[in-house]
Amino acid sequence: MPRERLGEFEFIARLLRPLAAGLPGAEGLGDDTAHLAPPAGHEIVVTTDALVSGVHFLAHHPPDLIARKALRVNVSDLAAAGCRPWTYQLALALSDDIDDAWLAAFCDGLAFDQREYGMDLSGGDTVSTPGPLTIALTALGVVPAGQSLHRAGAKVGDAVFVSGTVGDGALGLRASKGELGGAGGADVAALAARYLLPQPRAMLGPRLRGIASACMDVSDGLIGDLGHICARSSVAAVIDVEQVPLSDPARRAIERDAALLELAITGGDDYELLFTAPAAGRETIAGLAKEVGVPITEIGRIEAGDGVAVLHDGRELALERTSYRHR
């Protein structure tokens, strides 16, 4: 029996148009363009992420969670810029195995997280593809003019901080594929959930304005992403790997297989905030962590030079790679 399939315009009218109802400038998705004006005294910050089946999610993952991940990885970029989420545009390249039930669940996931982060759809595109399902999402945030955070700005003497825990995303992909040997069912579920449904620090990011000297989110790996901050800021960093915060499931996995430590700090998909700040601001940052309910851990320092040195038991750790790369 053939699967039911909405036509392109029926899909837009029935499932996508309700997602744009809260934003007058979206024109009900009736035009090819949206007409947007930021609040007075604010500037717009724009980010785009693409998710591909088999790379960023697996074909068996629930469509509502895939949608939420697509939105959340963009919200994470906005948080790293100190922005408040505002609106987004969505481009879908739909493969032949996507039916109406899948699309309805996908849009339900978008609607759920729109409410969570205060965003509305403002446009996009849908096309067919013989290749894997691909989701490209462009998110727009707003921030008081001149106050957004950047990768550049870290200074010699600054401390390096990271929110939450590191390594769950990369280990969670292994768990999702059944490749995390010896892990119990609860650990597999916890790590897989962190991979599929990241927790962008949308409340923390804007609160770092005026505190952080440089900031980005951990998408491609802690060490590689810190390297981006160093390169943009013309400084070096030294990290104490024993201070890198790990979840209990990640710690247990590394205790079983020490080689997973390198994956945890270079594998990416954590979507935590990595930032530098003057060391004198430690108490302020500790207080902020309590206020927003997100742990923040000091893991290293900024020095003169270039690159990132990773210390393990006081000795520099040689890494085969520093981050995940698509090419």
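The values are calculated or read from the model by the stated rules, or taken from the named source; none is laboratory data. Note that the structure is a prediction, hence the values are computed from the model and not measured. Here the Cβ positions follow ideal geometry from the backbone for every residue, glycine too, while neighbour counts run over all protein chains shown. Calculation scope for accessible area: heavy atoms of the full protein, side chains included, ligands and nucleic acids excluded. Shrake-Rupley method; radii C 1.70, N 1.55, O 1.52, S 1.80 Å.
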Give the residues of segment 119-145 that are more than 30 Å from LEU15 (Cβ to Cβ) and either open to solvent by less than 10 Å² (accessible area, probe 1.4 Å) or at pLDDT below 95 (or both), sorted by residue number.
-> VAL143
Can you work out which of the residues in segment 205-220 that are more than 11 Å from the chain's Cα centre (by Cα) and under 19 Å from GLY300 (Cβ atoms) is surrounded by the fewest Cβ atoms within 10 Å (Cβ to Cβ)?
-> ILE211
Of all residues in segment 138-149, how many are assigned to a loop (DSSP other than H, G, I, E, B) and either of a type in the set (D, E, K, R) or within 29 Å of LEU110 (Cβ to Cβ) (or both)?
-> 3
From the list HIS60, HIS42, which residue is within 22 Å of the chain's Cα centre (by Cα), closer than 28 Å to VAL218 by Cβ and open to solvent by 60 Å² or more (accessible area, probe 1.4 Å)?
-> HIS60
Restricted to segment 161-209, and to residues that are among the charged types (D, E, K, R) and either assigned to a helix (DSSP H, G or I) or in contact with a Leu (Cβ under 8 Å, 6 or more places away or on another chain) (or both), which residue is farthest from LEU273 (Cα to Cα)?
-> LYS177
Does any residue of segment 164-184 turn out to be open to solvent by 40 Å² or more (accessible area, probe 1.4 Å) and at pLDDT 95 or above?
-> no
